Amino acid sequence: MPPHKEMHKDMKRLLASICFAVVLAAVPCFAQVISTPGAPAAPAAPIEISAEMRIPLDQALKAVQAAQSACSSQGATNTVEVVDLNNNIKVLLSSDRAVNASFEYARKKAYTVLKKGMASGAFGKTLGQLPRGAVIEGDPNLIQYAGAVPIMRSNMLIGAVSVSSSKGQLDESCAMVGLAEFHF
């Protein structure tokens, strides 16, 4: 075979090898995992909240103040929030010296109410004993602890009052005090 044809054949092999290597290197980019077990699903599209489903600011403010006062009067530092259907915070108050974790617990308790349509403590009772930090139903934002209650208007869920305090056994009763401030 003439040398230029052999060199041409070697160039084709080299080019084919380079193309094959590029394809092999690109395969992992296209084989990405969309979600891993236990990871939260993609957030749902926000719910359009009509006027009758909105939480009035004046009542939300009174609710968090009443709940916080109820817990504080019993010596508990606390974080209290009212959230809407999209889990957006309407009002949040945190007492002096409340621990950082109370914000996360209050958020997860409210999320649980919105996701399950019942008080977070009632949902927790359906689960039985779980180890602390257990991922529930593959959703790391669900929580089994009491302290958040649904805000209902005309028998429809419109949000949640959530309390996380240094005396967890008070949380649900404090949330109920806050809930009593809503008048629709």
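Data table
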| quantity | calculated |
| --- | --- |
| Per-selection Kirkwood Rh - the range 141-184 (Cα, Å, 1 d.p.) | 11.0 |
| Percentage relative contact order, the range 51-179, counting C-alpha pairs under 8 Å, at least six apart | 31 |
| Cleavage-rule hits, trypsin sites (Lys or Arg not before Pro), the range 65-115, DSSP coil, Cβ neighbours within 10 Å at most 13 | Arg97 |
| Count of lysine pairs in the range 51-179 with Cα separation under 22 Å (8 or more residues apart, or interchain) | 16 |
| Pair Leu130, Ile89: separation of 7 Å Cα→Cβ label points (nm) | 2.3 |
| Gyration tensor (Cα) of the range 70-184, equivalent ellipsoid semi-axes in angstrom | 19, 18, 12 |
| Full-extension gain in nm, Ser166 to Ser50, via 0.36 nm per residue minus C-alpha separation | 38.2 nm |
| The range 125-184-the range 102-121 distance, computed between alpha-carbon centres (Å) | 5 |
| For Gly159, distant residues with modelled amide H under 5 Å away | Ile151 |
| Neighbour cut-off at most 16 other Cβ (10 Å), DSSP loop, GluC sites (Glu not before Pro), the range 125-184 | Glu137 |
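None of the figures in this text is laboratory data; all of them are computed from the coordinates on show. Just so you know, these numbers come straight off a predicted model, no measurement behind them. All Cβ positions, even for glycine, are placed from backbone atoms using ideal geometry, and neighbour counts span all protein chains on display.
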